[in-house]
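Written out below as structure tokens is the structure these notes cover.
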Amino acid sequence: MNFIIYFNPDREYEDEALLLARRLFAYFDTAIDSLALVPTADEDLALYFDGELIHSLSRSGRPPKVSDVLAILNPV
């Protein structure tokens, strides 16, 4: 499992990004191969899983959550 969290520190998304990273580690623990926090100038907070965008604050209106990853891993 590889995660990348892109966030805009000027929009105060850093705390949300750090919280998401902590929650991902708490849930997936050693299944995570890599997790990167990448500051960006984009007006967004976005979560990528294995190279694919799975959730974006600007598109959905809410921050990414661990449940967004679970929805990809365990589709209904």
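If the Cβ limit is 7 Å and pairs must be 6+ apart or interchain, which residue in segment 55-76 that is in contact (Cβ under 8 Å) with a residue 24 or more places away in the chain and crowded, with 17+ Cβ neighbours inside 10 Å pairs with which residue that is part of a helix (DSSP H, G or I) and among the acidic types (Asp, Glu)? Taking only residues 6 or more apart or on different chains, the pairs are Pro63/Glu16. Per the conditions (1) touching a residue at least 40 places away in the same chain (Cβ under 8 Å); (2) assigned to a loop (DSSP other than H, G, I, E, B), the sole criterion not satisfied by Leu20 is (2). Just a yes or no: is a residue in segment 56-76 of a type in the set (Asp, Glu), assigned to a loop (DSSP other than H, G, I, E, B) and modelled with pLDDT under 95? No, segment 56-76 contains no residue that is of a type in the set (Asp, Glu), assigned to a loop (DSSP other than H, G, I, E, B) and modelled with pLDDT under 95.
Going through (1) touching a Ser or Thr at 6+ places or on another chain (Cβ under 7 Å); (2) part of a strand (DSSP E or B); (3) modelled with pLDDT under 95 one by one, Tyr6 falls short only on (3). Taking segment 33-44 as the range and being modelled with pLDDT of 95 or more and either of a type outside the set (Ser, Thr, Tyr) or surrounded by 14 or more Cβ atoms within 10 Å (Cβ to Cβ) (or both) as the test, the residues that pass are Asp33, Leu35, Ala36, Leu37, Val38, Pro39.
The values are calculated or read from the model by the stated rules, or taken from the named source; none is laboratory data. Predicted model, so just to flag it, every value in this text is computed and none were measured. Positions of Cβ are generated from backbone atoms using ideal geometry, with glycine treated the same way; all protein chains shown enter the neighbour counts.
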